[in-house]
Amino acid sequence: MSKAGAGDRTRVTQAGRDPAAHHYTVNPPVYHASTVLYPSLADVAEDWQGAYTGLGYALRGTPTTQALQDAVAELEGGYRALVVPSGLAAITVPLLALLRSGEHLLVTDAVYGPTRRFCDNDLARFGVETTYYDPLIAGGIERLMRPNTRVVFTESPGSVTFEMQDIRAIAAVAHAHGACVLMDNTWGTPLCFKPFAHGVDVSIQAGTKYLAGHSDVLIGLVVCNQATYRTVRAGWTNLGVTAGPDDCNLTLRGLRTLAVRLEHAQASGLRIAEWLRSRPEVQEVIHPALPGARGHALWKRDFTGGAALFGVILKRGSFDAVAAMLDGMRLFKMGYSWGGYESLIMYYPDERVLRVATRWAPGGPYLRLHVGLEAVDDLIDDLREGLDRYRAAGGAA
Ligand SMILES: *Cc1c(COP(=O)(O)O)cnc(C)c1O
């Protein structure tokens with residue numbers, strides 16, 4: 001079982017904290033602020049010049065938002081981070097900041113669904129053209145680069161279907177053509193994949209998932225390298241999208257236990273993935289960290305772990321057979337936003353997995369599982385009973 005690096009296990013407990021600056025309280029206080037006062041007119045004038053080092057206005061940051069930004073930037077290995085009110089905003093803000101009308105964007109075909117919607121509906125309205133590419137394309141992305149290609153958007157593994165991308169190969173081509181590389185690194189978390197060491201320019205975290213970790217916060221982090229930071233920060237400021245102090249505080253609180261939660265969930269997830277693979281109702285388990293699974297070689301080269309989130313293709317069965325399984329689950333409940341302490345299961349009929357550059361044809365009902373912090377034996381019992389119901393309803397006949 002892979003673990004977060006030893007350095008990171010300590011780093012999650014330290015990053016973004018400075019007790020001496022806050023009366024030696026362990027955690028930074030939660031600043032509820034809109035207006036921030038200026039000590040003198042000279043300070044106001046400095047702010048007009050863009051040279052003021054005080055806060056200025058809470059939209060641009062407070063000690064609470066800065067603590068979270070500093071912590072996540074350090075863990076991801078980036079230059080600086082910006083906090084936004086959702087994972088989706090962490091995708092839309094850098095795209096809006098970096099692209100202009102007449103430019104071209106390359107997006108992995110296995111991208112998070114709402115990212116695709118934003119590109120097709122909103123960026124298209126602003127005159128930005130999107131081309132989707134095979135997530136397994138690697139250096140072959142060369143043939144899709146155009147003179148006006150400004151951004152290559154990656155997500156590894158892919159949302160729902162878990163294709164592993166060769167980020168290093170893609171980044172080398174993108175940079176040779178003057179484009180920058182964005183990556184949705186939510187599955188890898190800041191602990192298990194280091195985007196900046198692999199050539200990524202802007203890394204995206206849906207902090208809603210493992211960082212906050214308790215299914216009670218929507219938040220996102222945009223982590224930039226030095227070259228992109230000024231542009232992305234300007235877009236972020238102009239769009240007016242910081243996150244609230246209580247949500248930042250909950251996320252900092254979640255972050256402190258990220259390594260232990262993740263290690264526990266990963267171990268349970270791999271055990272369940274192996275157990276599922278041995279079941280007669282199961283055609284294939286798609287989990288990049290599982291030896292022998294699709295994408296495992298790239299995962300092993302680049303990742304040290306990842307989310308307890310993976311796919312399972314069942315042998316053929318009807319919608320009603322899937323419903324018999326899912327409706328009766330005691331612990332694995334149906335819902336989308338993973339990374340909390342609770343286990344989840346979701347059915348994705350083929351037509352709900354949108355693809356334009358590639359084909360998705362699993363050949364049987366496809367389920368996505370998120371393994372939470374419950375006792376793993378209880379989770380396996382729940383799945384065993386569920387698969388029994390699937391078969392009793394005519395599935396995997
Ligand atoms: C959930 C998710 C998002 C969006 O996060 P929200 O906070 O729900 O907006 C983005 N990318 C990935 C990969 C996700 O799983």
Being buried (at least 19 other Cβ atoms within 10 Å of the Cβ) and part of a loop (DSSP other than H, G, I, E, B), is that true of even one residue in the stretch 308-328?
-> yes
Scan the stretch 341-358 and give yes if some residue there is without any contact (Cβ under 8 Å) to a residue 12 or more places away in the chain, more than 24 Å from residue 113 (Cβ to Cβ) and outside any loop (DSSP other than H, G, I, E, B), otherwise no.
-> no
Among residues of the stretch 96-107, those that are within 16 Å of the ligand (Cβ to nearest atom) and in a helix (DSSP H, G or I), counted | 1
Would you point out which residue out of 183, 164 is within 17 Å of residue 139 (Cβ to Cβ), within 12 Å of the ligand (Cβ to nearest atom) and under 15 Å from the mean Cα position of the chain (by Cα)?
-> 183
Mind checking which residues of the stretch 42-80 are within 16 Å of the ligand (Cβ to nearest atom) and under 21 Å from residue 30 (Cα atoms)?
-> 68, 72
Which of the residues belonging to the stretch 219-234 are in a strand (DSSP E or B) and either near the ligand (Cβ under 10 Å from one of its atoms) or out of contact with any helix residue (DSSP H, G or I) (no Cβ under 8 Å at 6 or more places or on another chain) (or both)?
-> 220
When residues of the stretch 108-161 are limited to those that are within 13 Å of the ligand (Cβ to nearest atom) and of a type in the set (A, V, I, L, M), the one surrounded by the fewest Cβ atoms within 10 Å (Cβ to Cβ) | 160
Within the stretch 157-180, is there a residue that is of a type in the set (Ser, Thr, Tyr) and either at pLDDT below 95 or not in a loop (DSSP other than H, G, I, E, B) (or both)?
-> no
Residue within the stretch 81-95 that is away from the ligand (no atom under 16 Å from the Cβ), within 24 Å of the chain's Cα centre (by Cα) and of a type outside the set (Lys, Arg) present | no
Spot the failing condition for residue 177; the list is (1) away from the ligand (no atom under 11 Å from the Cβ); (2) within 27 Å of residue 352 (Cα to Cα), and only one is missed.
-> (2)
Would you tally the residues in the stretch 212-249 being under 12 Å from residue 79 (Cβ atoms) and not hydrophobic (A, V, I, L, M, F, W, C)?
-> 6
Determine if the stretch 47-55 includes at least one residue that is under 21 Å from residue 247 (Cβ atoms), out of contact with any Phe, Trp or Tyr (no Cβ under 7 Å at 6 or more places or on another chain) and assigned to a loop (DSSP other than H, G, I, E, B).
-> yes
Considering only residues that are aromatic (Phe, Trp, Tyr) and out of contact with any strand residue (DSSP E or B) (no Cβ under 8 Å at 6 or more places or on another chain), look in the stretch 186-218 and name the one that is farthest from the ligand (Cβ to nearest atom).
-> 193
Residue check, residue 150 among the basic types (Lys, Arg), out of contact with any Phe, Trp or Tyr (no Cβ under 6 Å at 6 or more places or on another chain) and in a strand (DSSP E or B) | yes
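Listed here are the residues, each with its yes/no results for (1) within 15 Å of the ligand (Cβ to nearest atom); (2) closer than 30 Å to residue 31 by Cα; (3) at pLDDT 95 or above; (4) over 17 Å from the mean Cα position of the chain (by Cα).
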| residue | (1), (2), (3), (4) |
| --- | --- |
| 253 | no, yes, yes, yes |
| 260 | no, yes, yes, yes |
| 270 | no, no, yes, yes |
| 311 | yes, no, yes, no |
| 321 | no, no, yes, yes |
| 324 | no, no, yes, yes |
| 327 | no, no, yes, yes |
| 333 | no, no, yes, yes |
| 341 | no, yes, yes, no |
Among residues of the stretch 371-391, those that are of a type in the set (Lys, Arg) and part of a loop (DSSP other than H, G, I, E, B), counted = 0
Take the stretch 235-254 and flag every residue that is part of a loop (DSSP other than H, G, I, E, B) and of a type outside the set (A, V, I, L, M).
-> 240, 242, 244
Could you please find all residues in the stretch 16-49 being of a type in the set (A, V, I, L, M) and loosely packed, with under 15 Cβ neighbours inside 10 Å?
-> 20, 21, 26, 37, 41, 42, 44, 45
Lone qualifier among 41, 144, 59, 98 - being within 21 Å of the chain's Cα centre (by Cα) and more than 17 Å from residue 206 (Cα to Cα) | 98
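The values are calculated or read from the model by the stated rules, or taken from the named source; none is laboratory data. Because the structure is predicted, anything quoted here is derived from the model rather than measured. Glycine gets a Cβ as well: all are built from the backbone with ideal geometry, and neighbour counts include every protein chain shown.
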